[in-house]
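Reviewing the structure listed below.
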Amino acid sequence: MSPILSVENLIVQLKSSQTSWLGVNDFSFHVNPQETVCITGESGAGKTLTILAILGLLPLHASVLAGNINFTGKNLLGISDQQIRDIRGKEIGVVFQEPGTALNPVMKIGDQLMEIFRRKEHYSKKQAQDASLALLEQVGFHNSLSVFRKYSYQLSGGMQQRILIAMAISRNPKLLIADEPTTALDTTIQAQIVELIEQLKADIGLSVLWITHDLSLASRIADRTVIIYAGKTMEAAPTETILATPYHPYTQGLLQSMPQYALRHGCHLQPIKGICKPSDSQNRCVFYTRCDQARPYCKMAQPPLKQIRPHHQAACWFHQSVVTV
Ligand SMILES: Nc1ncnc2c1ncn2[C@@H]1O[C@H](COP(=O)(O)OP(=O)(O)OP(=O)(O)O)[C@@H](O)[C@H]1O
Ligand SMILES: [Mg+2]
């Protein structure tokens, strides 16, 4: 089975007036058809930059230095701005974190939805209205006409996020990319959004790439989880494998800082010391300074991403350290 999306050895450089650094540094992962993949890692790890690179939306001071991004057989780094605009929205739907800022505050919800169908699909007004109301029903609004007539400020954060999900799936994309879509929401609403995306996945056969810093959320929703640190893939495996046999000390640290893990194992929460910084110029494992299992040889070079068992990859020199949690 070919992946729907594959990102290989992606490097994104950021520049300021004085300096430049790598926000994404040799990051690889893939998403198979109808699969949910979570990319998980701390703040600043390069998750959003990766998504922006896939979508051709990097800010002016950021650029792709190397790598491949392949979506359904198309090289997204080798196509025109117009072609990537056509793919965005049509073949790839996107939901970002802050629903409040993504909606137009001076247009009614219905008009914003209708505009997509009118402009992109050339529907008549009646067709666009029917399609918009059907879409609102599909994302769980039973009072679709009332929501259709409202402005975004009249809706809660969870309702706004439902509208953005509606917009993202309006043109039947193959892939939905969601960048921390539930971070700004309380936990009950978060659970409803997770359920909605699961439902849509089953109904319309979406593949989902979900970005989250929350490994416990990933453990609930992802078929596979990819752990990113300082712009690099640290570990990638089916989620149950990551939870049962985390291989990389960073993954183990993320698990030990999960309240559910501490509760289940009757131990104290153990946050990983220090913060995630972009890769420094030193040729050592990027996690070396924070790793509680580091060995002298870990500062000799960055470990490559290796297949350690079928469907399980990790980048760590300390290969003996398979720990069962
Ligand atoms: N627009 C920008 N200008 C300057 N630096 C940026 C910009 N966007 C990201 N960076 C830097 O690139 C690196 C990766 O950032 P990115 O936003 O991708 O992290 P993230 O994993 O999405 O974090 P978070 O969980 O906080 O959203 C960080 O070092 C960040 O400071
Ligand atoms: Mg981000």
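All of the numbers you see were taken from the coordinates with simple rules; none came from a lab. What you are looking at is a predicted structure, and each value in this text was computed from that prediction instead of being measured. Counting neighbours? That spans all protein chains shown, and the Cβs are built from the backbone with ideal geometry, glycine included.
Give, in nm to one decimal, the length gained when the segment between residue 79 and residue 21 is fully stretched (0.36 nm per residue of separation minus the Cα-Cα distance).
Roughly 18.3 nm would be gained on extension.
If you take the beta carbon distance between residue 309 and residue 32 as r and set R0 to 22 Å, what does 1/(1 + (r/R0)^6) give as a FRET efficiency, to the nearest 0.05?
0.75
How large is the Rg to Rh ratio of the stretch 1-111 when both quantities use alpha carbon positions and Rh follows Kirkwood?
Dividing the radius of gyration by the Kirkwood radius yields 0.99.
Sum up the charges of everything whose Cβ sits under 11 Å from the Cβ of residue 250, counting Lys and Arg as +1 and Asp and Glu as -1, but leave residue 250 out.
Neighbourhood net charge equals -1.
If the elastic network links every pair of Cα atoms under 10 Å, which of 16, 219, 170 fluctuates the most in the Gaussian network model of the chain?
Maximum fluctuation in the GNM of the chain, among the listed residues, is at 16.
So what is the calculated 222 nm ellipticity per residue for the chain, using -39500 (n - 2.57) for each DSSP H run with n of 4 or more, over all residues, to the nearest 500 deg cm²/dmol?
Rounded to the nearest 500, the figure is -10000 deg cm²/dmol.
Mind giving me the nanometre distance, one decimal, between the label points for residue 153 and residue 214, set 7 Å out from Cα along Cα→Cβ?
My value for the distance between the label points is 2.8 nm.
Report, ordered by chain and residue number, the lysines lying within cross-link reach of residue 108, taken as a straight Cα distance under 17 Å and ignoring same-chain residues fewer than 8 apart.
Result set, ordered by chain and number: 125, 126, 150.
Grab every C-alpha pair in the stretch 160-271, bin the distances at 10 angstrom width from 0 up to the longest one, and report whole percents.
The calculated distribution, bin by bin, is 12, 41, 33, 13, 1.
Given a Förster distance of 25 Å, report the FRET efficiency between residue 72 and residue 202 from their Cβ-Cβ distance, rounded to the nearest 0.05.
Working from the Cβ atoms, E equals 0.75.
Ratio to report: Rg/Rh of the stretch 239-313, with Cα atoms as the point set and Rh obtained by the Kirkwood method; give two decimals.
1.00
By how many nm would the segment from residue 86 to residue 63 grow when fully extended, if each residue of separation counts as 0.36 nm and the alpha-carbon distance is taken off?
6.2 nm
Using DSSP, restrict attention to beta bridges with both residues in the chain and report what percent are antiparallel, rounded to the nearest 5.
60 percent
Would you mind getting the Kirkwood hydrodynamic radius of the stretch 103-172 from its Cα pairs, rounded to one decimal in Å?
For the stretch 103-172, inverting the mean 1/r across all distinct Cα pairs yields 11.7 Å.
Quick check for me: using +1 on Lys/Arg Cβ and -1 on Asp/Glu Cβ, what's the dipole size of the stretch 104-234 about its Cα centre, in debye to the nearest 20?
480 debye
Which FRET efficiency, nearest 0.05, do residue 288 and residue 143 yield, Cβ-Cβ r, R0 56 Å?
E(calc), rounded to 0.05, equals 0.55.
Over all alpha-carbon pairs of the chain, lay out the pair-distance distribution in 20 Å bins, whole %, shortest bin first.
Going out from 0 Å in 20 Å bins, the chain shows 30, 55, 14, 0 percent.
What nm value, rounded to one decimal, do you get for the distance between residue 257 and residue 9 when each label is placed 7 Å out toward the C-beta?
Here the modelled spin labels are 3.1 nm apart.
On full extension of the chain, what length is gained from residue 126 through residue 300, given 0.36 nm per residue of separation minus the C-alpha to C-alpha distance?
56.1 nm
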